[in-house]
Amino acid sequence: MDAHGALSDMDLRVRALESLLVEKGYIDPQALDVFIETYEHRVGPRNGARVVARAWSDPAFRTWLLDDATAAIASLGYTGRQGEHMVALENTERVHNMVVCTLCSCYPWSVLGLPLVWYKSAPYRSRVVIDPRGVLEDFGVALPDDIELRVWDSTAEIRYLVLPMRPPGTGHLDEDALAALVTRDSMIGTGLALNPNTLARETTS
Ligand code: FE
């Protein structure tokens, strides 16, 4: 909806489609509301941030996550649609992982919520495969030239979660404080975890 309350063409199409599906008995509008409410407000990238913060703080959990991400993530209570078979990809000094779905928009809903427009866009889906370094630059991420970029294509069966590198100078932070440094983009590979020292400088300058 725009600032004047008018419905966009897309809103109108969605509403028309929803009415039709309800009328034909394919969907229950109340169930649909619960579903939307859940993924808009209760499931989002903060779930993934908890997973990453736990992996940074607990070596046994990190090993488990890299070995069997579905089970490790489920142990924190994050399960459900589009998170049935998760694989965690660890970023290191040598390798930086990025995630895409070249076919459509497969995405780990249970840890990141619903995918963003750019993730579903044709330019991202095609370009990240051909020119991942260029895509990173567009996102404002500069990595050393010798770091290997690996691009992983999600499917209906496998969803990826990037485990970003833990920022330096965070040894004293607890899990809550660590989780606050984990951005959604850092778990897709189009960003890095926030550096607390940079954050502090930005807020004081
Ligand atoms: Fe897909």
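Read-outs throughout are calculated quantities, based only on the coordinates presented, and are distinct from any laboratory measurement. These numbers come from a predicted model, not from an experiment. Because the Cβ atoms are built from the backbone with ideal geometry, glycine has one as well, and the counts that use them run over all protein chains shown.
Out of Thr63, Thr92, I need the residue that is away from the ligand (no atom under 16 Å from the Cβ), free of Cβ contacts under 8 Å to residues at least 60 places away in the same chain and either among the charged types (D, E, K, R) or under 25 Å from Glu148 (Cβ atoms) (or both). Which one? Result: Thr63 is the single residue among Thr63, Thr92 that is away from the ligand (no atom under 16 Å from the Cβ), free of Cβ contacts under 8 Å to residues at least 60 places away in the same chain and either among the charged types (D, E, K, R) or under 25 Å from Glu148 (Cβ atoms) (or both). Tyr124 falls short of the stated requirement of being surrounded by 15 or more Cβ atoms within 10 Å (Cβ to Cβ), more than 16 Å from the ligand (Cβ to nearest atom) and either more than 18 Å from Met165 (Cα to Cα) or in contact (Cβ under 8 Å) with a residue 24 or more places away in the chain (or both).
I'd like the full set of residues that are of a type in the set (Phe, Trp, Tyr) and not in a loop (DSSP other than H, G, I, E, B), limited to the stretch 128-156. Trp152, the sole residue that qualifies.
If you go through the stretch 99-121 and keep only what is under 21 Å from Leu192 (Cβ atoms), more than 15 Å from the ligand (Cβ to nearest atom) and not in a loop (DSSP other than H, G, I, E, B), you end up with just Val111. Under the condition of being crowded, with 20+ Cβ neighbours inside 10 Å and of a type in the set (A, V, I, L, M), which residue from the stretch 89-110 is nearest to Val135 (Cα to Cα)? The extreme case among them is Met98. Taken together, Val141, Val129, Val182 contain a single residue that is surrounded by 13 or more Cβ atoms within 10 Å (Cβ to Cβ) and in contact with a strand residue (DSSP E or B) (Cβ under 8 Å, 6 or more places away or on another chain), which is Val129.
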